[in-house]
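**Student:** Before we start, here is the structure in question, set down as structure tokens.
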Amino acid sequence: MTATTAYDAIVLAGGAAKRLGGADKPAVSVGGRALLDRVLAACRDAGRTVVVGGRRPTARPVVWAREEPAGGGPLAALDAGVRHTAADSLLVLSADLPFLREGTVRRLVGALAARDGEGVVLTDTDGRDQPLVAAYRAEPLRRELALLATEYGSLSGLPLRLLTRELDLARIETDPLASFDCDTWEDISTARARIREHVNVLDEWINAVKDELGIELDVDTHVLLDLARDAAHGVARPAAPLTTFLVGYAAAKAEGGPEAVAEAARKAAALAARWAEEAEQGARPDDPAPGASGGDA
């Protein structure tokens, strides 16, 4: 099966956040976006996304659930989330993963679909399992949760390892930052600083803007940057942002996707090239005009 495999997502967004002084961790901003919204963006392909925790504004619609009792820990929260899902494959995530990307989600879901086991978990750089960055088959997950509830009388306060040790799990490695979670204010500061590094800041900003505006369109940013450069050089510096705005407007008016953006950018880039060519010819008035033979009359 491919990356389009159907799955539901469960995001655990409860917990006391004691090491953050009791702050509302899922709402803490990293790169201008709440931690929870960053995780929701990574699993936007889910058929249904269930968030277990207190209700709050989110960038996209979700189904809300709450563990019993509130603050009952990850197993109780996972059980509450599972009850609202219908897919055979379930993605399970914590709500404090600032660097989780769609590519990692697709790898997890795809790896689960490609094998006969009961789950696939991400491992961190030290080789430790990350059961809250994982994909599970729904039936064995429900089975083991029910068995644990029967054995212990309640899932409240039980550690996740009681569940994962009973499942047939495969393990994958991916981007070492994918499992970086924010348990302390130092972790938050580290994440904020890394996002602002030169190599990351542009992609982070574009993703933040798309989330803020409710846009899911993926376009070739290099094409737009090249267009902005050409417009600034061939016309005037303020032409760069205005031109890219008009390209986006034209693509939206055409009700097109990335292809419409690329076509509008191509036309605008060709126009900018003609402006630049005319400017160069204007600086050399003795040169023949385009198409002229240059010979004697």
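**Student:** Need one word for region 73-125: rounded, prolate or oblate. Basis is the Cα gyration tensor (sqrt eigenvalues a ≥ b ≥ c); a/c below 1.5 gives rounded, then a/b vs b/c decides.
**Tutor:** Because a/c hits 1.5 or more and a/b fails to exceed b/c, region 73-125 counts as oblate.
**Student:** Quickly estimate the mean residue ellipticity at 222 nm for the chain, helices only: each DSSP H run with n ≥ 4 gives -39500 (n - 2.57), and the total goes over all residues, rounded to 500.
**Tutor:** Roughly -13500 deg cm²/dmol at 222 nm, from the helical runs in the chain.
**Student:** What is the percent carbon and sulfur in the accessible area of the chain, measuring with a 1.4 Å probe over the protein chains and ignoring ligands?
**Tutor:** Here carbon and sulfur together make up 53 percent of the probe-accessible area.
**Student:** In whole Å, what are the Cα extents of the chain along the three principal axes, biggest one first?
**Tutor:** 101, 43, 36
**Student:** Please list S94, S189, S156 in order of solvent-accessible area, largest first, computed with a 1.4 Å probe with all protein chains present.
**Tutor:** Ranking S94, S189, S156 by accessible area, largest first, yields S189, S156, S94.
**Student:** Also, quick follow-up: Restricting attention to region 105-155, which GluC sites (Glu not before Pro) occupy a DSSP loop and are surrounded by at most 14 other Cβ atoms within 10 Å?
**Tutor:** Of the GluC sites (Glu not before Pro), not one in the loops of region 105-155 has a Cβ with at most 14 other Cβ atoms within 10 Å.
**Student:** What whole number of Å gives the distance from the Cα centroid of region 110-186 to the Cα centroid of region 1-74?
**Tutor:** Centre-to-centre distance over Cα atoms comes out at 16 Å.
**Student:** Please work out how much length the chain gains when fully extended from R56 to A114, using 0.36 nm per residue of separation minus the C-alpha to C-alpha distance, in nm with one decimal.
**Tutor:** Value of the extension gain: 17.3 nm.
**Student:** Taking every DSSP beta bridge that has both residues in region 8-197, what percent is antiparallel when rounded to the nearest 5?
**Tutor:** Percent antiparallel among DSSP bridges in region 8-197 is about 45.
**Student:** Name the trypsin sites (Lys or Arg not before Pro) in region 1-76 that are in a loop by DSSP and that have at most 12 other C-beta atoms within 10 Å, would you?
**Tutor:** Answer in residue order: R55.
**Student:** Here is a follow-up. For region 27-88, how big is the tail of P(r) above 19 Å, as a whole percent of Cα pairs?
**Tutor:** Tail of the P(r) past 19 Å holds 35 percent of the pairs.
**Student:** I would also like to ask the following. Kirkwood hydrodynamic radius, computed over distinct alpha-carbon pairs, for region 200-282: how many Å, to one decimal?
**Tutor:** One decimal place: 13.4 Å for the Kirkwood radius.
**Student:** Also: Per residue, what accessible area does region 200-282 have, given a 1.4 Å probe and all protein chains present, in Å²?
**Tutor:** 68 Å²
The values are calculated or read from the model by the stated rules, or taken from the named source; none is laboratory data. For clarity, every value in this text was computed on a predicted model and none was experimentally measured. Heads up, the Cβs are rebuilt from the backbone with ideal geometry, glycines too, and the neighbour counts pull from every protein chain shown. Accessible surface areas use protein heavy atoms only, side chains included; no ligands, DNA or RNA. Shrake-Rupley method; radii C 1.70, N 1.55, O 1.52, S 1.80 Å.
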